[in-house]
Amino acid sequence: MLLARQLYFEAVKVGDELPPLVKPPVDRSQIARFAGATGDFGPLHVDEPFARNAGFPSVLVPGMLAMGFLGELVTDWLRGARVRRFGSRFVKIVWPGDVVTVRGRVADRRFEAGGRYAVDIEVWGENQRGELVVRGAVTAQLYYSSEDETRQRNGQPPLVVTPAEEEERLAKLSRSTAPARPAVGTRPAVAPGKAQPAPAPKAAPAAKAPPPPAKAPAPRPPAPPKPPVSVKPPVPKKAPVAKKAPAPRPPARKPSPKKPAPKKPAPKAAPARKPAPKKASRPAPKRKADKRR
C-alpha cells in the first residue's frame, strides 16, 4: 500500500482510524538493547534473579518501550507532520513474549489562529489476550494542503481557511462529484446532430399449438358379484326382572358398658433376710513338745 508523501489537514476527518501496528513478541535481547539506548538498567528489567526475588515471575518489559510502540504508529501515519504533545499512561505490565498491537483514532480536528491546523489522536496498545496495556494521546500540527506547504516553505504566510470556507468547499466538491440521477419515466437526452435510434419492432407472439386431444379413459372390467349376506332374525329381548326390596335389618344393639375390673393389691415384697452371724473360729491347739526321756 503506497501512502502519500505528506498528510494534510483537509484529508483528515474525525473518526478516522489509524492502520493497526502489530509488533513481534518482545524478547530479552530487545529489552537489553532498549536499556542500553535509554541508559535505564533497572534490575527489574535486566536481572532475572532479582525480579524473581522481588515476587515477579520474570523480568518486566520497560513501560517506555510500549510507549515507543505508540509513537511509531503515530509518526508513520502523520508522515512528516509536527508532533506538539505526546503522553501515555501504563495500564498493565508487559511481559517477555507478549505480542503488542497498537491502534489509534482521530478524536478531534481544530482550526487555530494564525493559519494553524491541529488534530488530536487517541492511541492504545493491547496484548495477545486483548487486554489494554498502555494508552495515550497525541496532538499534531499539519499543513492544510499542498498549497499551504509550498507557501510556508517559500517563506510566505500560511494559508488561512475558516471552517465556513471549508464547509463550502466540501459542499461544492460533493455536488461536482455526485452524478445526477435521471427522473423516473424519462429517457436520457440525445446529443444534437445524432439521430435517435428507432425502437426495434416487437416480435409478434408465436401462435400457441392446440393442445393434444384428451384420451378417452379405458373401460373398467365389471366387478364380480358379491355373495349373498345371510340375515339373522332379531333375538327378542327378555323383560327386565323386578328386583326384590331388601328386608329391613333389626336395629343394632348398643354394647353394654363394661364395668371396670377391681384392682388387685400388689404383692408385698418379702422382707430381706439378715445375714447369719459368723462363728468364731477356735484357736488351733498347741502341740506339746515331746519330752525326751
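Go through 84-92, 164-172 and give me the packing order, highest mean Cβ count within 10 Å leading.
On the way: 84-92: 14.2, 164-172: 10.9.
So the order, starting with the most tightly packed, is 84-92, 164-172.
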5 Å is the cut-off here: which amide hydrogens, built 1.01 Å from N in the peptide plane, fall below it relative to Ala81, excluding neighbours closer than 5 in sequence?
Leu7
Between Lys172 and Asn53, what is the FRET efficiency for a Förster distance of 51 Å, r being their Cβ-Cβ separation, to the nearest 0.05?
0.15
For the stretch 1-63, inverting the pair-averaged 1/r of distinct alpha-carbon atoms gives a Kirkwood value in Å of 15.2
For the stretch 3-113, max minus min Cα coordinate along each principal axis, in Å, sorted largest first?
54, 24, 24
Radius 15 Å from Cβ of Ala35, net charge of other residues (Lys, Arg +1; Asp, Glu -1)
-2
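Computed from the coordinates by the stated procedures, all read-outs in this text should not be read as laboratory data. All values derive from a computational prediction rather than experimental measurement. Counting neighbours? That spans all protein chains shown, and the Cβs are built from the backbone with ideal geometry, glycine included.
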